[in-house]
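To keep things clear, I will list the structure first and then write my remarks on it.
The values are calculated or read from the model by the stated rules, or taken from the named source; none is laboratory data. Here the structure is a predicted model, which means the values were calculated and not measured. With ideal geometry, Cβ positions are generated from the backbone for all residues, glycine too; neighbour counts draw on all protein chains shown.
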Amino acid sequence: MYRAPRGTSDILPGEQGYFRYIEERAASLCQLYGYERIDTPVFEDARLFVRTIGPGTDIVEKETYTFDDRSGQAMTLRPEGTAPICRAYIEHGMHNLPQPVRLYYFASIFRYERPQKGRYRQHQQFGVEAIGDGDPALDAEVIDVAWQFFDSLGLRNLSLQLNSIGCKLCRPVYLEELKGHYSAHVDRLCPDCKARLRKNPLRLMDCKKPSCQDIAQSAPRSIEHLCSQCKEHFESVVKYLLILGIPFEKNHRLVRGLDYYTKTVFEIQPQGEEGAQSAVGGGGRYDDLIEELGGKPTPAIGFAVGV
């Protein structure tokens, strides 16, 4: 008997109303804040994601659906929404528009993960991207959009987790200290963290294994290794969030799973929830991504929510 592929699900007629309600709420909120809809292809040149997500990440190494098309070119089903939008921003000359360019999307996302609660191999994602402005006020705006989205759905008892992971100037010093700390406990690390220590040390802070969590708790904090510019940026974001009245917690262990993030990173979680599926949404700055793809230096920030 044929069944839906593992890690996927049918959206039946009785469930359609919930999805449409969420889409309508999101679209209405985005229009209020001046965000316009964009749709990108379901698949892209595989090199786009290797370049932007990072060759040493779990997503690229283990989770992408990559295939050769009939011309022999490697293509990848979209594993996240930001990189395709940055590609479209460059390709269509959006840097000529008034900045920042505010965009939102609904998209199917594909990752070959172990199916479990809150994790699917295909899921629907809502996200926003604000491209072309480095002002910390824009960080607060994007966080506010995320916060108001959940509030509009009647979701309460949420916690905003906030951190800064620095920039390409101050982060290398921090990473060296982080590697030194973990190297002293390498015998206690899980196999994945032993690989991260070599390839992607920032992700060490995100491991959910109990033995690794103990090491992360005493690890150096990125927020204490920020350059003056990153420190000032983070302090301004905090100030704006206080003005907006959005409650938050500074979380020194918060990092994001993709290599392109810089400075501000954040997640929104149900209070008291922990674990791999605790976040209901998250995002951060990616000030170097457009330039890495061949565009002009262009700061940007966004967030995404699994629907």
(message) So, GLY154, is that one surrounded by fewer than 15 Cβ atoms within 10 Å (Cβ to Cβ), free of Cβ contacts under 8 Å to residues at least 12 places away in the same chain, of a type in the set (Gly, Ala, Ser) and over 30 Å from PRO247 (Cα atoms) or not?
(response) no
(request) Determine, yes or no, whether SER164 is under 23 Å from the mean Cα position of the chain (by Cα), at pLDDT 90 or above and crowded, with 18+ Cβ neighbours inside 10 Å. (result) yes
(message) Tell me the residue from CYS230, CYS212 that is part of a helix (DSSP H, G or I) and within 16 Å of SER164 (Cα to Cα), please.
(response) CYS230
(request) Assess whether SER71 counts as being of a type in the set (Ser, Thr, Tyr) and loosely packed, with under 11 Cβ neighbours inside 10 Å. (result) yes
(request) Any chance you could count how many residues in the range 162-194 are outside any loop (DSSP other than H, G, I, E, B) and either free of Cβ contacts under 8 Å to residues at least 12 places away in the same chain or of a type in the set (D, E, K, R) (or both)? (result) 12
(message) Regarding the range 138-153, can at least one residue be identified that is in a strand (DSSP E or B), among the polar types (S, T, N, Q) and at pLDDT 95 or above?
(response) no
(request) List the helices (runs of 4 or more DSSP H) that sit entirely inside the range 3-97 and contain at least 2 residues that are β-branched (Val, Ile, Thr). (result) 46-53, 82-91
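The rows are residues; the columns are (1) modelled with pLDDT of 85 or more; (2) in contact with a helix residue (DSSP H, G or I) (Cβ under 8 Å, 6 or more places away or on another chain).
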site: CYS193; (1), (2): yes, yes
site: HIS225; (1), (2): yes, yes
site: GLU235; (1), (2): yes, no
site: PHE248; (1), (2): yes, yes
site: ASP259; (1), (2): no, yes
site: GLN269; (1), (2): yes, no
site: VAL280; (1), (2): yes, yes
(message) Between ALA137, ALA184, which is in the same structural domain as GLU23 (by TED's automatic domain parsing) and surrounded by fewer than 16 Cβ atoms within 10 Å (Cβ to Cβ)?
(response) ALA137
(request) Only one of these is out of contact with any Leu (no Cβ under 7 Å at 6 or more places or on another chain), surrounded by 15 or more Cβ atoms within 10 Å (Cβ to Cβ), under 14 Å from ILE301 (Cα atoms) and of a type outside the set (S, T, N, Q): ARG78, ARG102. Name it. (result) ARG102
(message) With the structure loaded, tell me whether GLY54 is at pLDDT below 95, assigned by TED's automatic domain parsing to the domain that holds GLY302 and out of contact with any strand residue (DSSP E or B) (no Cβ under 8 Å at 6 or more places or on another chain) or whether it fails that test.
(response) yes
(message) Pairs needed: first member in the range 227-250, more than 18 Å from VAL145 (Cβ to Cβ); second member anywhere, modelled with pLDDT of 95 or more and of a type in the set (Val, Ile, Thr); C-beta distance under 7 Å; at least 6 residues apart or different chains.
(response) PHE234/THR264
(request) Only residues that are among the hydrophobic types (A, V, I, L, M, F, W, C), touching a residue at least 60 places away in the same chain (Cβ under 8 Å) and touching a Gly at 6+ places or on another chain (Cβ under 7 Å): list them for the range 79-108, please. (result) ILE90, ALA107
